[in-house]
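S.K.: Sharing a structure here in structure tokens format.
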Amino acid sequence: MPAPNYEQKHFTVTVYIVDENQQVLLINHPKLKVWLPPGGHLEPNELPTDGAVREVFEEVGLKISLPSTDLKDATLLKNPDYLLVEDLHNHNHIDMIYVVRVKHFEPKHEFEISEHRWVKESELDDLKMPYNARFLAKDALKKF
């Protein structure tokens, strides 16, 4: 694999949402036409945990919590479960990826994404999605 072009870096967050039925929530990305977990670009000066919470709410209407700890002179953030560098040919994504466990819910369609799907591990290979997203969805399901 060629070395990624590190000149243009876009910092992104992704959240794999796993329910008690061992299903992962995926969205049909309207621009890319592939199945992905919720996520997106960080806003300027936005902390990764805040961006992850915002993206999940914007895309599926769920309020998640990624707690931080106030250390008086610093803030300790929740570590991402994964850190992914993705070469997208004209820029790179430095993706901080979180895995959260939630009680099953139905995403609200008045938000950014209108098509979603709860998926079991056995169904992942049948979906049109990037290899890295499929690999990480399978791994996220194994965490619980």
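S.K.: Considering only residues that are surrounded by 14 or more Cβ atoms within 10 Å (Cβ to Cβ), of a type outside the set (F, W, Y) and out of contact with any helix residue (DSSP H, G or I) (no Cβ under 7 Å at 6 or more places or on another chain), which ones fall in the range 109-122?
M.R.: Passing the criteria: R117, V119.
S.K.: Shifting gears a bit: Do we have any residue at all in the range 99-107 that's without any contact (Cβ under 8 Å) to a residue 60 or more places away in the chain and within 15 Å of the chain's Cα centre (by Cα)?
M.R.: For the range 99-107, residues without any contact (Cβ under 8 Å) to a residue 60 or more places away in the chain and within 15 Å of the chain's Cα centre (by Cα): absent.
S.K.: I would also like to ask the following. Within the range 43-66, work out how many residues are of a type outside the set (G, A, S) and in contact with a helix residue (DSSP H, G or I) (Cβ under 8 Å, 6 or more places away or on another chain).
M.R.: Residues flagged as of a type outside the set (G, A, S) and in contact with a helix residue (DSSP H, G or I) (Cβ under 8 Å, 6 or more places away or on another chain) within the range 43-66 amount to 6.
S.K.: Considering H10, H41, which residue is free of Cβ contacts under 8 Å to residues at least 60 places away in the same chain and in contact with a strand residue (DSSP E or B) (Cβ under 9 Å, 6 or more places away or on another chain)?
M.R.: That would be H41, the only listed residue that is free of Cβ contacts under 8 Å to residues at least 60 places away in the same chain and in contact with a strand residue (DSSP E or B) (Cβ under 9 Å, 6 or more places away or on another chain).
S.K.: Looking at the range 77-144, what strands (runs of 3 or more DSSP E) fall wholly within it and have at least 1 residues that are farther than 17 Å from E55 by Cα, modelled with pLDDT of 95 or more and of a type in the set (A, V, I, L, M, F, W, C)?
M.R.: By residue number, 82-87, 116-120.
S.K.: Could you please find all residues in the range 30-65 being small (G, A, S) and in a loop (DSSP other than H, G, I, E, B)?
M.R.: The answer is G61, S65.
The values are calculated or read from the model by the stated rules, or taken from the named source; none is laboratory data. Everything numeric in this text was worked out from a predicted model, so none of it was measured. Neighbour counts run over all protein chains shown; Cβ positions are idealised from the backbone, glycine included.
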